[in-house]
Amino acid sequence: MSLLSVDDLVVDHRTPGRPAVRAVAGASLDVAAGEVVGLVGESGCGKSTLARAVCGLTAATGGAISFEGGQVTRLGLRRRDPELTRIQMVFQDPYASLNPRRRIGAQIADGLRTAGDRETTPGGMLERVGLPAAMAGRYPHEFSGGQRQRIAIARALAARPSLLIGDEPISALDASAQAQVATLMRNLAVESGAGLLFISHDLSVVRLIADRIAVMYLGKIVETGPTAEIWAAPRHPYTQALLRAIPEPDGLGTLPEELPGDVPDPADPPSGCRFHPRCPMAMDVCAKEEPAPGPVSCWLYPPA
Ligand code: SF4
Ligand code: MG
């Protein structure tokens, strides 16, 4: 059974006086306990909105989200459900997870209290993320970006989540800290038996830590599969384009290819397959009819 099951999720962003923007347009995704799923795609494709709907921070417009066997999406949900403390999130900006005015030890202690954990100390949690216990008395601004993200991870894990979500948790860090923080999140989530949904636009880092990858484009999941398979043989033309855009570390001098064109306006998405204006393989049917959802949502791979 899945820990998290997102089924045909739809999330509209409404601004008064403007047409609603369908940020998530029927996306399905599963995360099992102890599993690391990487959710990748360009910025603005709906990854964060999907994560926020899973946490109950954003109202869903349609579809269903179930977590630990219970339904957690009531459509129109506006407040954070108390049971959703079992889902903890680490954001791109650590200040979205940490209060700049409070000592980090006190913030980690909040998480421990949430979990009813009287044995673990904030200093003990800091050691688990590779920081000295003695730093518990300091404030967030006294740390580097990478250290702050470690503290945010310690605070999230202190609450003993069964699902940890990282929303671009490494994209503000320098290259050397990125792989370290991503690997730390993976190891600590797996060690504690939690699932990890790791959101990033950087497929080369996701590849290092994810068991499975889901590729999102303009509000839809266009391809999912085991990381090794997607890396070795991407099938959806968008996944192929994402992989070609990664700089090759092989020293052969292969230059990455830029993705053609820009992400279209989600308020006015293209007809048929949403990728068709940018797709080098587009056929007549692609502009007219939407391909069915599935492991690969593309007319090149019609369902059997
Ligand atoms: Fe390209 Fe058509 Fe597949 Fe869309 S459905 S990705 S346009 S080939
Ligand atoms: Mg985002």
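The values are calculated or read from the model by the stated rules, or taken from the named source; none is laboratory data. Since this is a predicted model, take the numbers as computed values, not measurements. FYI the Cβ positions are ideal-geometry reconstructions off the backbone, even for glycines, and counts take in every protein chain you see.
For (1) surrounded by 21 or more Cβ atoms within 10 Å (Cβ to Cβ); (2) in a loop (DSSP other than H, G, I, E, B); (3) in contact with a Lys or Arg (Cβ under 8 Å, 6 or more places away or on another chain), each residue gets a yes or a no:
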residue	(1), (2), (3)
N99	no, yes, no
G111	yes, no, yes
D117	no, yes, yes
E127	no, no, no
I153	yes, no, no
A177	no, no, no
Q180	no, no, no
V190	no, no, no
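For region 139-151, taking the residues that are in contact (Cβ under 8 Å) with a residue 24 or more places away in the chain and assigned to a helix (DSSP H, G or I), the one that is farthest from R102 (Cα to Cα) is identified as G146. With respect to the conditions (1) closer than 23 Å to L157 by Cβ; (2) of a type in the set (V, I, T); (3) outside any strand (DSSP E or B), I65 falls short on a single one, namely (3).
Does region 121-132 contain at least one residue that is within 16 Å of ligand 1 (Cβ to nearest atom) and not aliphatic (A, V, I, L, M)? Checking region 121-132: not a single residue is within 16 Å of ligand 1 (Cβ to nearest atom) and not aliphatic (A, V, I, L, M).
Restricting region 8-40 to residues that are in contact with a Leu (Cβ under 8 Å, 6 or more places away or on another chain) and in a loop (DSSP other than H, G, I, E, B), the residue that is surrounded by the most Cβ atoms within 10 Å (Cβ to Cβ) is E35. Scanning region 129-151 for residues that are within 23 Å of D202 (Cβ to Cβ) and among the charged types (D, E, K, R), we see that the one that is surrounded by the most Cβ atoms within 10 Å (Cβ to Cβ) is R150. Restricting the first member to region 88-117 and to residues that are touching a residue at least 12 places away in the same chain (Cβ under 8 Å), and the second to residues that are of a type in the set (A, V, I, L, M) and surrounded by fewer than 18 Cβ atoms within 10 Å (Cβ to Cβ), the beta-carbon pairs closer than 6 Å and six or more apart or on different chains are Q92/A172.
Quick check, is A245 in contact with a Leu (Cβ under 6 Å, 6 or more places away or on another chain) and modelled with pLDDT under 95? Yes.
Among the residues of region 155-175 satisfying the criterion of being within 21 Å of L126 (Cβ to Cβ) and within 16 Å of ligand 2 (Cβ to nearest atom), which is surrounded by the most Cβ atoms within 10 Å (Cβ to Cβ)? Give the steps one after another, and end with the answer.
So the first thing to find is which residues in region 155-175 are within 21 Å of L126 (Cβ to Cβ), and the list is 155-161, 164, 166, 169-170, 172-173.
Then drop every residue that is not within 16 Å of ligand 2 (Cβ to nearest atom), which leaves 166, 169-170, 172-173.
Working: G166: 30, P169: 27, I170: 25, A172: 16, L173: 20.
Per the stated criteria, the residue is G166.
Checking each residue in region 254-278 for being of a type in the set (A, V, I, L, M, F, W, C) and modelled with pLDDT of 95 or more picks out C273, F275. Pairs are defined by a Cβ separation below 8 Å, a sequence spacing of at least 6 or placement on different chains, a first member in region 21-48 that is closer than 18 Å to R186 by Cβ and of a type in the set (V, I, T), and a second member that is within 16 Å of ligand 2 (Cβ to nearest atom) and outside any strand (DSSP E or B); the pairs so defined are V40/K47; V40/H201; V40/D202; V40/L203; V40/V206; V40/L242.
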